[in-house]
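Participant: One structure coming up, written as C-alpha cells, with questions to follow.
The values are calculated or read from the model by the stated rules, or taken from the named source; none is laboratory data. Keep in mind that this is a model prediction, so the values were computed, not measured. Quick reminder, even Gly has a Cβ in these numbers, built from the backbone with ideal geometry, and neighbours come from all protein chains shown. Note: accessible area is taken over every heavy atom of the protein model, side chains too, but ligands, DNA and RNA are not part of it. Shrake-Rupley method; radii C 1.70, N 1.55, O 1.52, S 1.80 Å.
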Amino acid sequence: MTHLRGVLFDLDGVLLDSRHSVVAFWEQLAQRHDVELTPQLYVKHILGVPARHTLDHVFPMLGENARLEVIAEIHAYEAGLRLTPMPGAIACVTALHNNRVPIGLVTSASRDKALQVLDAFDIREAFAGIVTASDVTCGKPHPEPYQCGAEALGLPASACLVFEDSVSGTFSAAGAGATCIGINVLRMKGSLEIAGSCVVVQDLAAVHIEPRNDGVALHVGTRSFVIRPRT
C-alpha cells in the first residue's frame, strides 16, 4: 500500500457534475465567434484550465473588454445552474473528514463558485485549504496549483493523493509530485493514464474507505492507499 497524509480534490467533474454545462457554455461562445471546438482543444485548452487560459488560446481574437464580458457571462451562467454532486462525492469527503484526514480543494474555478458549491453540498468545513484560479500565477497544467494545495495543508505534494478528471489537472498533480487518481467522467481513460494517473475510475462512488487505527485505507480499483494524518 502507498502511504500518504492528505487528499486534494478538483471541483468540476470530481465533486460537481458540471461536464454538460461547461461544454454548453463554450460551444455557445464558439458559435458566436465562428470557432470550431475540436476534441484536442477541449483536452488542452478548455477542460480543467482557468477561463483566462481558454480565452488566450481558443478566443485570441477577443479584446480586453470582450474578455471581461465573457468572464461576467460565466459568473452569471454558473449562478443560474443547478448544483449536482458527482456520485459518491459527498460521502467520500464526509468519510475522510470524519476520520481526520486533511482535505484540500484545487480548482481552476473562481473562489465564489468554489465556496458556493461547497456550501450547497454542506461540506465546506471539511476543507482545510482551498486554492482557486485567483490564488496562483500559473494555472493547470502547471504544477503550481497542486503545490499550493499541498502547502495549504502543511504538506509536501508528494504526501498527497489527488482526484482529477481532466488531463491538464492530472499533469498539474503529477508534475507537483502528488499521487493522482483519474476520474473518467470525460471518457479519457487512456489520456488520464498518460498524463500521470496511477488508476482511473468512473467517479468517487468507486472509492471504498476503510477506517484504521492509524488513519484510513482507500481502496480504488486495483490500488490501495493508506492516509495517515498527523497526530
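Participant: State yes or no: is Ser158 of a type outside the set (Asp, Glu) and in contact with a Phe, Trp or Tyr (Cβ under 6 Å, 6 or more places away or on another chain)? Don't jump to the end; show me each part of the working.
Facilitator: Numbers: of a type outside the set (Asp, Glu): yes; in contact with a Phe, Trp or Tyr (Cβ under 6 Å, 6 or more places away or on another chain): no.
Considered against the rule, which asks whether it is of a type outside the set (Asp, Glu) and in contact with a Phe, Trp or Tyr (Cβ under 6 Å, 6 or more places away or on another chain), Ser158 comes out as no.
Participant: To continue, here is another question. Name the pairs: first residue in region 24-51 and closer than 21 Å to Thr107 by Cα, second residue basic (Lys, Arg) and open to solvent by less than 30 Å² (accessible area, probe 1.4 Å), Cβ to Cβ under 8 Å, at least 6 apart or on different chains?
Facilitator: Qualifying pairs under 8 Å: Gly48/Lys140; Val49/Lys140; Pro50/Lys140.
Participant: For region 6-59, how many residues are crowded, with 21+ Cβ neighbours inside 10 Å, in contact with a strand residue (DSSP E or B) (Cβ under 8 Å, 6 or more places away or on another chain) and assigned to a loop (DSSP other than H, G, I, E, B)?
Facilitator: 7
Participant: Take region 172-191 and flag every residue that is under 14 Å from Leu47 (Cβ atoms) and surrounded by fewer than 24 Cβ atoms within 10 Å (Cβ to Cβ).
Facilitator: Answer for region 172-191, where residues must be under 14 Å from Leu47 (Cβ atoms) and surrounded by fewer than 24 Cβ atoms within 10 Å (Cβ to Cβ): Asn184, Val185, Leu186, Arg187, Met188, Ser191.
Participant: If you don't mind, there's one more thing I want to ask. Inside region 120-140, can you point out the residues that are in a loop (DSSP other than H, G, I, E, B), open to solvent by 60 Å² or more (accessible area, probe 1.4 Å) and either touching a residue at least 24 places away in the same chain (Cβ under 8 Å) or not hydroxyl-bearing (Ser, Thr, Tyr) (or both)?
Facilitator: Listed by number, the residues that qualify are Asp122, Ala128.
Participant: Then there is this: Return the residues of region 60-72 that are assigned to a helix (DSSP H, G or I), more than 14 Å from Phe25 (Cβ to Cβ) and of a type in the set (Gly, Ala, Ser); say none if nothing qualifies. Break it down stepwise before answering.
Facilitator: Let us first name the residues in region 60-72 that are assigned to a helix (DSSP H, G or I), namely 64-72.
Filter once more, keeping what is more than 14 Å from Phe25 (Cβ to Cβ): 64-68.
Correct list: Ala66 only.
Participant: Would it be correct to say that Val207 is buried (at least 20 other Cβ atoms within 10 Å of the Cβ), in contact (Cβ under 8 Å) with a residue 12 or more places away in the chain and among the β-branched types (Val, Ile, Thr)?
Facilitator: Numbers: buried (at least 20 other Cβ atoms within 10 Å of the Cβ): yes; in contact (Cβ under 8 Å) with a residue 12 or more places away in the chain: yes; among the β-branched types (Val, Ile, Thr): yes.
Judged against the criteria, Val207 is a match.
Participant: Return yes when Val117 is in a helix (DSSP H, G or I), within 24 Å of Glu27 (Cβ to Cβ), hydrophobic (A, V, I, L, M, F, W, C) and touching a Leu at 6+ places or on another chain (Cβ under 8 Å) and no when it is not. If you could, list the steps in order and put the result at the bottom.
Facilitator: Working: in a helix (DSSP H, G or I): yes; within 24 Å of Glu27 (Cβ to Cβ): yes; hydrophobic (A, V, I, L, M, F, W, C): yes; touching a Leu at 6+ places or on another chain (Cβ under 8 Å): yes.
Judged against the criteria, Val117 is a match.
Participant: Among Val200, Val207, Val131, which is the only one that is among the β-branched types (Val, Ile, Thr), at pLDDT 95 or above and touching a Gly at 6+ places or on another chain (Cβ under 6 Å)?
Facilitator: Values: Val200 fails: at pLDDT 95 or above; Val207 fails: touching a Gly at 6+ places or on another chain (Cβ under 6 Å).
Going through Val200, Val207, Val131 in turn, the sole match is Val131.
Participant: Starting from residues that are at pLDDT 95 or above and closer than 21 Å to Gly48 by Cα, keep the ones in region 100-113 and report whichever is surrounded by the most Cβ atoms within 10 Å (Cβ to Cβ).
Facilitator: Initial filter on region 100-113 (at pLDDT 95 or above): 101-107.
Adding the requirement that they be closer than 21 Å to Gly48 by Cα leaves 103-107.
Numbers: Ile103: 21, Gly104: 24, Leu105: 27, Val106: 34, Thr107: 28.
Result: Val106.
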